[in-house]
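The values are calculated or read from the model by the stated rules, or taken from the named source; none is laboratory data. In this text the structure is predicted, and so the values were computed from the model without any measurement. Cβ coordinates were reconstructed from backbone atoms using ideal geometry, including for glycine residues, and neighbour counts include every protein chain displayed.
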Amino acid sequence: MNTIYKAEILNFETILALPDYWGNQKYKDLLGVMEYGDISEISDAELKDMCYMSITENEPEEAARLILGYVFNERLNAGQIDNLSNEMREEKMWEEYAEIGYHEDFFNTGQILFDAFNGKFPLPEAVKFEVKITSDKLKELLIDNEITEAAIIRLLAQGMPEHTLINRLFTEQLSSESFEEAENIIWQMDTEIQSDNIVLVTVISSKYFFLDLKYTESFEGKTHNDSEIVEED
């Protein structure tokens with residue numbers, strides 16, 4: 001925990017959709033949910049447009065209800081879905097819902113509703129950024145050549161102001177040996193080892209948590225893995 005790591009934010013951008021979530025199979029599934037009928041003659045090139053058209057044949061709240069039911073399957077009950085389908089017209093549930101583990105799927109739901117209804121739902125914004133981490137003890141941090149979500153968040157938090165959301169909400173987890181929420185805060189992550197001392201990490205997450213990194217270039221800090229991960233290694 002005493003090792004100092006140098007972190008450099010190489011790229012930072014806002015994205016409006018998560019890579020590889022909505023695709024042809026999911027469009028086919030949604031057409032079934034919307035009771036479109038026979039889809040056998042719809043070409044792959046037409047699937048997205050036909051899916052969006054089918055979505056907008058419903059009132060916005062009803063479309064939200066149907067898509068929430070598909071995305072969340074049985075994780076939300078009918079009453080919750082009914083309430084959320086109304087709230088999503090005005091609220092960014094991928095930021096405001098109490099269960100952080102649901103944020104990514106609320107984002108995916110909000111993204112297709114925003115696109116299909118041409119902005120009648122809140123604009124979904126996520127962030128994608130690259131972090132170069134340098135240390136002569138880098139191998140001690142990596143688990144199976146990957147950096148963990150807990151370790152990267154603990155490091156990134158030191159590159160943001162003390163009052164930033166992660167530092168306020170997760171004060172204990174940042175300094176302790178357990179950060180269970182970390183895997184839900186980070187939506188997608190890729191670790192690319194460039195040398196024994198350098199790793200490039202690409203992160204996709206909510207703007208809600210990491211917008212302040214946009215104004216950060218480089219910093220130094222300490223970090224560590226959760227204790228149970230270290231024990232398994």
Of E125, E162, the only residue that is modelled with pLDDT under 95 and charged (D, E, K, R) is E162
Taking the range 197-231 and the residues there that are at pLDDT below 95 and farther than 21 Å from L165 by Cβ, the one that is surrounded by the fewest Cβ atoms within 10 Å (Cβ to Cβ) would be E231
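Would you pick out the residues in the range 57-75 that are in a loop (DSSP other than H, G, I, E, B) and either of a type in the set (D, E) or farther than 20 Å from G37 by Cβ (or both)?
Our first condition is that a residue be in a loop (DSSP other than H, G, I, E, B); within the range 57-75, this holds for 57-59, 73-75.
Of everything in the range 57-75, those that are in a loop (DSSP other than H, G, I, E, B) and either of a type in the set (D, E) or farther than 20 Å from G37 by Cβ (or both) turn out to be E57, E59, N73, E74, R75.
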In the range 145-179, anything surrounded by fewer than 17 Cβ atoms within 10 Å (Cβ to Cβ) and free of Cβ contacts under 8 Å to residues at least 40 places away in the same chain is listed as E162, H163, N167, R168, L169, T171, E172, S175, S176
For the range 158-173 the number of residues that are more than 17 Å from the chain's Cα centre (by Cα), more than 19 Å from N2 (Cα to Cα) and assigned to a helix (DSSP H, G or I) is 3
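Name every residue in the range 24-38 that is of a type in the set (D, E, K, R), buried (at least 16 other Cβ atoms within 10 Å of the Cβ) and not in a helix (DSSP H, G or I), in order of residue number.
Kept after step one, since they are of a type in the set (D, E, K, R), are these residues of the range 24-38: 26, 28-29, 35, 38.
Imposing the further condition that a residue be buried (at least 16 other Cβ atoms within 10 Å of the Cβ) reduces the set to 26, 28.
None; the set is empty.
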Selection from the range 32-67 of residues in contact with a Ser or Thr (Cβ under 6 Å, 6 or more places away or on another chain) and not β-branched (V, I, T) yields M34, Y36, E61, A64, R65
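For the range 7-18, which positions are charged (D, E, K, R) and surrounded by 15 or more Cβ atoms within 10 Å (Cβ to Cβ)? Spell out how you get there, then give the answer.
From the range 7-18, those charged (D, E, K, R) are 8, 13; that's our starting set.
Listed by number, the list holds a single entry, E8.
Looking only at the range 86-103, decide whether some residue is acidic (D, E) and in contact with a strand residue (DSSP E or B) (Cβ under 7 Å, 6 or more places away or on another chain).
Restricting attention to the range 86-103, the residues satisfying the condition of being acidic (D, E) are 87, 90-91, 95-96, 99.
Filter once more, so that each one left must be in contact with a strand residue (DSSP E or B) (Cβ under 7 Å, 6 or more places away or on another chain): 95.
Yes, the range 86-103 has at least one match.
Test of understanding: among L165, L138, L169, which residue is assigned by TED's automatic domain parsing to the domain that holds F12, among the aliphatic types (A, V, I, L, M), more than 26 Å from A98 (Cβ to Cβ) and out of contact with any Leu (no Cβ under 8 Å at 6 or more places or on another chain)? Before the answer, list the steps.
Working: L165 fails: more than 26 Å from A98 (Cβ to Cβ); L169 fails: more than 26 Å from A98 (Cβ to Cβ).
When all the criteria are applied, what remains is L138.
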If you go through the range 71-80 one residue at a time, do you hit one that is hydrophobic (A, V, I, L, M, F, W, C), without any contact (Cβ under 8 Å) to a residue 60 or more places away in the chain, outside the structural domain of Y208 (by TED's automatic domain parsing) and under 15 Å from F107 (Cα atoms)?
yes
Within the bounds of the range 47-59, is there any residue that is of a type outside the set (A, V, I, L, M), in contact with an Asp or Glu (Cβ under 9 Å, 6 or more places away or on another chain), outside the structural domain of I204 (by TED's automatic domain parsing) and over 20 Å from D105 (Cβ atoms)? yes
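So, Y21, is that one modelled with pLDDT under 95, surrounded by 13 or more Cβ atoms within 10 Å (Cβ to Cβ) and assigned to a loop (DSSP other than H, G, I, E, B) or not?
Numbers: modelled with pLDDT under 95: no; surrounded by 13 or more Cβ atoms within 10 Å (Cβ to Cβ): yes; assigned to a loop (DSSP other than H, G, I, E, B): yes.
In short, no.
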Scanning the range 133-157 for residues that are among the acidic types (D, E) and over 23 Å from the mean Cα position of the chain (by Cα), the one nearest to E172 (Cα to Cα) turns out to be E140
Across the range 153-206, the tally of residues that are over 19 Å from L142 (Cβ atoms) and acidic (D, E) stands at 4
